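**Q** Please find one structure pasted underneath; my questions will follow.
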Amino acid sequence: MKEYDRIVLWTDYFDSAISRSGGRRVSLSSATKSPTLEELAEAARKLGYDVEMVKASHPKRSPTRSGYVSIPRTKPKTQVITEIAQMLPLVRGDKRQPT
């Protein structure tokens, strides 16, 4: 049964190799090259969210296995996406600082 009190965040939302029409939800300047499910979960944890990881295929890219994290709905989804996009490079160890 669908949980309406949680937000689903796919790795594809943050992948710079995917087009907007393909499922990316952040700008290219905020996107990360091929983020992993574990990196996405770690970024959400560092921001204080309770994370549930699920390996699955994004509906727009069904042949490709990726995954998503599910977190409690405490803020608007767009705000959470922006926060996680800023945290992903830090989790990966990139030199780019969040804005």
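The values are calculated or read from the model by the stated rules, or taken from the named source; none is laboratory data. Everything numeric in this text was worked out from a predicted model, so none of it was measured. Cβ coordinates were reconstructed from backbone atoms using ideal geometry, including for glycine residues, and neighbour counts include every protein chain displayed.
**Q** So, residue 48, is that one at pLDDT 90 or above and either surrounded by 14 or more Cβ atoms within 10 Å (Cβ to Cβ) or on the phi > 0 side of the Ramachandran plot (or both) or not?
**A** yes
**Q** Mind listing whichever residues of the range 1-13 are under 19 Å from residue 89 (Cα atoms) and in contact with a strand residue (DSSP E or B) (Cβ under 6 Å, 6 or more places away or on another chain)?
**A** Selection gives 9, 10.
**Q** From the list 34, 16, exactly one residue is in contact with a strand residue (DSSP E or B) (Cβ under 8 Å, 6 or more places away or on another chain) and on the phi > 0 side of the Ramachandran plot. Which is it?
**A** Result: 34 is the single residue among 34, 16 that is in contact with a strand residue (DSSP E or B) (Cβ under 8 Å, 6 or more places away or on another chain) and on the phi > 0 side of the Ramachandran plot.
**Q** Related question: Return the residues of the range 24-37 that are without any contact (Cβ under 8 Å) to a residue 24 or more places away in the chain, of a type outside the set (Gly, Ala, Ser) and under 18 Å from residue 80 (Cβ atoms); say none if nothing qualifies.
**A** Result: 24, single match.
**Q** Residues of the range 23-48 being part of a loop (DSSP other than H, G, I, E, B) and of a type in the set (Val, Ile, Thr), which ones?
**A** Once the filter is applied, which keeps residues that are part of a loop (DSSP other than H, G, I, E, B) and of a type in the set (Val, Ile, Thr), the range 23-48 yields 26, 36.
**Q** Of all residues in the range 8-22 being part of a loop (DSSP other than H, G, I, E, B) and surrounded by fewer than 22 Cβ atoms within 10 Å (Cβ to Cβ), which is nearest to the chain's Cα centre (by Cα)?
**A** This residue is 16.
**Q** For residues that are touching a helix residue (DSSP H, G or I) at 6+ places or on another chain (Cβ under 6 Å) and either more than 12 Å from residue 35 (Cα to Cα) or modelled with pLDDT of 95 or more (or both), tally how many sit in the range 55-80.
**A** The first filter runs over the range 55-80 and keeps only residues touching a helix residue (DSSP H, G or I) at 6+ places or on another chain (Cβ under 6 Å), leaving 58, 66-67, 69, 71.
Retained after the next criterion (residues that are either more than 12 Å from residue 35 (Cα to Cα) or modelled with pLDDT of 95 or more (or both)): 58, 69, 71.
Result for the range 55-80: 3.
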